[in-house]
1. Name the residue, out of A102, A81, that is surrounded by fewer than 16 Cβ atoms within 10 Å (Cβ to Cβ) and either touching a Leu at 6+ places or on another chain (Cβ under 6 Å) or not in a helix (DSSP H, G or I) (or both).
2. Look through A61, A11, A74 and report the one residue that is open to solvent by less than 80 Å² (accessible area, probe 1.4 Å), without any contact (Cβ under 8 Å) to a residue 40 or more places away in the chain and either of a type outside the set (F, W, Y) or within 15 Å of A90 (Cα to Cα) (or both).
3. Determine which member of the set I140, I133 is assigned to a helix (DSSP H, G or I), farther than 25 Å from I38 by Cβ and touching a Lys or Arg at 6+ places or on another chain (Cβ under 8 Å).
4. If L121 satisfies all but one of (1) at pLDDT below 95; (2) closer than 21 Å to H25 by Cα; (3) not β-branched (V, I, T), what's the number of the condition it fails?
5. Is at least one residue of the stretch 76-90 of a type outside the set (S, T, Y) and within 20 Å of T33 (Cβ to Cβ)?
6. Considering only residues that are open to solvent by 90 Å² or more (accessible area, probe 1.4 Å) and of a type in the set (D, E), look in the stretch 115-159 and name the one that is nearest to G70 (Cα to Cα).
7. From the list D67, D103, D112, which residue is under 15 Å from I38 (Cβ atoms) and over 13 Å from the mean Cα position of the chain (by Cα)?
8. Go through the stretch 42-58 and count every residue that is open to solvent by 70 Å² or more (accessible area, probe 1.4 Å), over 24 Å from K120 (Cβ atoms) and touching a Phe, Trp or Tyr at 6+ places or on another chain (Cβ under 9 Å).
Amino acid sequence: MISSDSPVRIAVFGSGLVGARHIQHIVDSPDCTLTSVIDPNPRARAVAESAGARYFEDVAAFLEQPDAEGVIIATPNESHATLGIKCARAGLHLLVEKPIDADLMAAGELVDTAEREGVKLLVGHHRRFNAYIEAAKKIIDSGEIGVVSAVNVMWATLKP
C-alpha cells in the first residue's frame, strides 16, 4: 500500500540506457526508494549493488519476494506486456516504457489485466514533459497563433 509519508518503493526491469536513467532518478529522489533491479544481463548486478538495491536475473525470482509497490519496465519492447501482466497479477503498479508492447494483442491483454487487477498502468511518454513541448502547448492554448488545424513534427536527436 502506498503511504504519503514514506518513499514509494520501486523496482526497475532493465538496466540499459533507459532503465539506467530511471534508476538514477529513483536514487536521486527523496520520494522514492529503489528496491530491486531485474535484468538477465550479469552487469546489472553491479548496477543494483551500487544503488543499494537487490538484484534478480528474472521476473519469477523477483515475484517470489517482491518488495516494491510498483515497477518500471524498461526492457525490449516485445517483453513489456509479458512482464507487465505478471507484475499486475502480483498487484504491482506499472510504468511501462513506450511503446506499451510490440504486439497490439499483447498490449490489450496488459491493459485488461491491469484493469482487472486494480493496478495503475502508465505508459512513459517523457517528451510530453519537455520544456519545448510545454511551451508549444501554452502558445497553442493561448490562441496566439490562431486555430491549429494540423501539425507535422519531426523530432531528430542523436541516440546511441
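1. Working: A81 fails: surrounded by fewer than 16 Cβ atoms within 10 Å (Cβ to Cβ).
Exactly one of A102, A81 is surrounded by fewer than 16 Cβ atoms within 10 Å (Cβ to Cβ) and either touching a Leu at 6+ places or on another chain (Cβ under 6 Å) or not in a helix (DSSP H, G or I) (or both), namely A102.
2. Numbers: A11 fails: without any contact (Cβ under 8 Å) to a residue 40 or more places away in the chain; A74 fails: without any contact (Cβ under 8 Å) to a residue 40 or more places away in the chain.
Among A61, A11, A74, only A61 is open to solvent by less than 80 Å² (accessible area, probe 1.4 Å), without any contact (Cβ under 8 Å) to a residue 40 or more places away in the chain and either of a type outside the set (F, W, Y) or within 15 Å of A90 (Cα to Cα) (or both).
3. Working: I140 fails: touching a Lys or Arg at 6+ places or on another chain (Cβ under 8 Å).
Within the list I140, I133, the selection yields I133.
4. All conditions pass for L121, except number (1).
5. Step one: filter the stretch 76-90 for residues of a type outside the set (S, T, Y), giving 76-78, 80-81, 83-90.
Retained after the next criterion (residues that are within 20 Å of T33 (Cβ to Cβ)): 87, 90.
Yes.
6. Ranking the candidates gives E115 first.
7. Numbers: D103 fails: under 15 Å from I38 (Cβ atoms); D112 fails: under 15 Å from I38 (Cβ atoms).
Only one candidate passes the filter, namely D67.
8. Counting residues in the stretch 42-58 that are open to solvent by 70 Å² or more (accessible area, probe 1.4 Å), over 24 Å from K120 (Cβ atoms) and touching a Phe, Trp or Tyr at 6+ places or on another chain (Cβ under 9 Å) gives 2.
The values are calculated or read from the model by the stated rules, or taken from the named source; none is laboratory data. Treat the numbers as computed from the prediction; the structure is a model and nothing was measured. With ideal geometry, Cβ positions are generated from the backbone for all residues, glycine too; neighbour counts draw on all protein chains shown. Ligands, DNA and RNA are stripped out before the accessible areas are found, and what is left, the full protein with its side chains, is counted by its heavy atoms. Shrake-Rupley method; radii C 1.70, N 1.55, O 1.52, S 1.80 Å.
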